[in-house]
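Take a look at the structure below.
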């Protein structure tokens, strides 16, 4: 079984090198690594990082392609036999994660003989999460702690968190790649919903975990910008993936959002955040997707 680990770097070389160092120390070293840089300001140290213990390939994009676009570049390279790829599994890891030295060996034992999309647990320090929960007509998605594993009756509304997502090569033949309209947020939930519609198995293995510094790279965008992405993408995701009654409710929900934020502007409360949310809704109506 051939495993390729893909990570995206965007102005986070220090974190990325920490991840690569942890992968260098794996007991099972039979895997490849692809680092995709999304046009960071200074990546000289990262792009020259190489070890004899691990096989690392670097791709430097000439613009920021976001989570979906950056990962798609890496996935296509991993799947391409002429480029030395032809991998069986790709593992998407956030660059602000790091692994214990038994991680790849345990992971490969889990993946052997399986198919579909598999989610791993993320140790966030104060808690460990194993899946995301889709909540319709909400601007954000939430992560579920492993303490709730025993309470899960159905996985239909759960999605694999993109920060630690293993994908079998056959999945891309069936549903294509990550949706680049999102740029940031909701793309992992969208990918899992598309997989389920195509009868691709989506499963979770909370016993395999990787350490994670929560949203270290995303926070650099700033809160108003994050809100703009969240609201635009939430509207798009609900309209695209929701049950019929949710799809009917998307536009009335957007009007409620608009009225609420206009009210906040009138009373001069959190003006910058309200403006960002309204711009996100406007982007949705204008079909302005990808990077804002």
Filter result (more than 19 Å from residue 4 (Cα to Cα) and either touching a helix residue (DSSP H, G or I) at 6+ places or on another chain (Cβ under 8 Å) or without any contact (Cβ under 8 Å) to a residue 12 or more places away in the chain (or both)) within region 39-60: 40, 42, 43, 44, 45, 48
What number of residues within region 201-229 satisfy the criterion of being buried (at least 19 other Cβ atoms within 10 Å of the Cβ), modelled with pLDDT of 95 or more and within 22 Å of residue 72 (Cβ to Cβ)? 3
Members of region 238-254 found to be without any contact (Cβ under 8 Å) to a residue 12 or more places away in the chain, surrounded by 11 or more Cβ atoms within 10 Å (Cβ to Cβ) and farther than 20 Å from residue 194 by Cβ, listed by number: 248, 251
Select from region 124-144 the residues that are under 24 Å from residue 22 (Cα atoms) and surrounded by fewer than 20 Cβ atoms within 10 Å (Cβ to Cβ) and list them in ascending order. 124, 125, 126, 127, 128
Residue list for region 147-177, restricted to those being closer than 26 Å to residue 123 by Cβ, outside any loop (DSSP other than H, G, I, E, B) and over 19 Å from the mean Cα position of the chain (by Cα): 147, 148, 149, 150, 151
Please give the number of the condition residue 198 fails out of (1) surrounded by fewer than 16 Cβ atoms within 10 Å (Cβ to Cβ); (2) within 28 Å of residue 145 (Cα to Cα); (3) in contact (Cβ under 8 Å) with a residue 40 or more places away in the chain. (3)
Conditions: (1) surrounded by 20 or more Cβ atoms within 10 Å (Cβ to Cβ); (2) farther than 21 Å from residue 201 by Cβ; (3) touching a helix residue (DSSP H, G or I) at 6+ places or on another chain (Cβ under 7 Å). Residue 121 meets all but one. Number of the miss? (2)
Do we find a residue being closer than 18 Å to residue 80 by Cβ and surrounded by fewer than 23 Cβ atoms within 10 Å (Cβ to Cβ) anywhere in region 40-56? yes
Quick check: is even one residue across region 262-272 modelled with pLDDT under 95, loosely packed, with under 14 Cβ neighbours inside 10 Å and closer than 24 Å to residue 145 by Cα? no
Quick check on residue 189: is it surrounded by 18 or more Cβ atoms within 10 Å (Cβ to Cβ) and either modelled with pLDDT under 95 or touching a strand residue (DSSP E or B) at 6+ places or on another chain (Cβ under 8 Å) (or both)? yes
Pairs where the first residue, in region 268-292, is free of Cβ contacts under 8 Å to residues at least 40 places away in the same chain and assigned by TED's automatic domain parsing to the domain that holds residue 230 and the second is buried (at least 20 other Cβ atoms within 10 Å of the Cβ) and assigned to a helix (DSSP H, G or I), C-beta under 7 Å, 6+ apart: 274/261; 278/261
Name the single residue that is modelled with the lowest pLDDT among those in region 101-124 being touching a strand residue (DSSP E or B) at 6+ places or on another chain (Cβ under 8 Å) and in a loop (DSSP other than H, G, I, E, B). 124
If you check residue 87 against the conditions, is it in the same structural domain as residue 192 (by TED's automatic domain parsing), under 16 Å from the mean Cα position of the chain (by Cα) and at negative phi? no
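The values are calculated or read from the model by the stated rules, or taken from the named source; none is laboratory data. Since the structure is predicted, the reported quantities are computational estimates derived from the model, not experimental observations. Here the Cβ is made from the backbone with ideal geometry for all residues, glycine too, and neighbour counts use every protein chain on show.
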